[in-house]
Amino acid sequence: MAPERFIPRPVVLQRAGGAGGEATGALGDPKGGVTLALSLAEFNRMVADHGPTLYRMAYRMLGDRHEAEDLVQEAFRSAWKSRRLFRPGGGERAWLASILRRRVADHWRRPRPPIALAGEKNIEIGYPGEDPLRDEFSDEMQHALARLPEDLRETLLLVVVGELTHQEAADLLGIPLGTVLSRVSRARSRLREYLLAASREG
């Protein structure tokens with residue numbers, strides 16, 4: 001039976017700090033010391049805090065639950081591998097969303113699902129059997145989202161589903177804040193038009 005809510009599980013990955021030590025991402029200190037960037041415990045907390053939102057984003061970008069789950073796993077795996085680039089105190093969700101965005105782009109470029117490498121462990125994350133946004137987005141909404149231009153759809157999803165601030169979305173996309181505000185407004189207007197037309201046809 002599918003769980004009623006998102007149930008994240010601890011990430012099991014090879015420790016980078018040596019046998020028996022806690023895995024950490026290390027940033028070089030100008031004075032020669034080492035600054036811990038992201039511990040395994042902190043990373044697992046990020047999985048628990050942001051996993052459900054990333055899954056919703058991936059699902060709305062792809063329209064397929066299984067592919068969304070796979071890409072979120074890939075995104076977290078990439079995040080762990082690049083943990084040395086993480087800056088404590090920064091926007092965790094924006095950082096993870098940027099990684100997920102790249103994984104989605106890679107997904108569209110490749111002709112078939114990648115083959116898992118021998119010995120590589122998956123990040124185990126529990127997902128509900130139904131779309132977490134089923135009460136907020138109908139199938140008609142998903143179809144309407146698919147009709148939006150890619151730039152409008154992506155910006156809307158980052159802000160509305162990903163719950164990034166408009167400024168975080170602007171920084172992630174490398175565009176002015178005003179452009180984000182305009183895209184979100186136009187995306188909402190077009191969605192209303194599409195849904196109104198769909199209701200009339202129905």
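Of note:
- Close amide H partners of Leu38, meaning residues 5 or more places away or on another chain with modelled amide H under 5 Å apart, are Gly25.
- Extension gain, Ser82 to Glu67: 0.36 nm times the residue separation minus the Cα-Cα distance gives 3.2 nm.
- Sites Arg109 and Gln167, calculated FRET efficiency, Cβ-Cβ separation with R0 25 Å, nearest 0.05: 0.30
- Inter-label distance, Ala198 to Ser185: 2.5 nm, where each label sits 7 Å from its Cα along the C-beta direction.
- Dimensions (Å) - the range 137-202, Cα atoms, principal axes, largest first: 40, 18, 15
Just so you know, all these numbers are worked out from the coordinates, no wet-lab data involved. What you see is a predicted model, and the numbers here were worked out from it, not measured in a lab. Positions of Cβ are generated from backbone atoms using ideal geometry, with glycine treated the same way; all protein chains shown enter the neighbour counts.
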